[in-house]
1. Take the residues in the range 34-53 that are touching a strand residue (DSSP E or B) at 6+ places or on another chain (Cβ under 7 Å) and part of a strand (DSSP E or B), then tell me which one is nearest to Ala24 (Cα to Cα).
2. Please identify the pairs in which a residue from the range 15-40 that is without any contact (Cβ under 8 Å) to a residue 24 or more places away in the chain has its Cβ atom under 6 Å from the Cβ atom of a residue that is surrounded by 11 or more Cβ atoms within 10 Å (Cβ to Cβ) and of a type in the set (Asp, Glu), counting only partners at least 6 apart or on another chain.
Amino acid sequence: MQQSPLSLDPDFLMTETLTCELLARTLQAWRLRGGGPPFVKIGKSVRYKRRDITAWLSANTLTSTSQRG
């Protein structure tokens, strides 16, 4: 089994495609645990409204690491 470049080198420069794959896994985990942006489930398909993503990003934008606590 081949290891992903993500698990080998923290400074690995990821392609756009690889970054999208990583973020897709993060979104999947958020859906399972709760959290992340709202989503719509249509059959087996998951969709995100652009306005929900934009609102979620705005609500989670920080200017300092001390803002969360």
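Values quoted throughout were computed directly from the atomic coordinates according to the rules given, and no laboratory measurement underlies them. Being a predicted model, the structure only gives us computed values, none of them experimental. So basically every Cβ, Gly included, is an ideal-geometry build from the backbone, and we count neighbours across all protein chains shown.
1. Going through the qualifying residues, I end up with Arg47.
2. Pro37/Asp52; Pro38/Asp52
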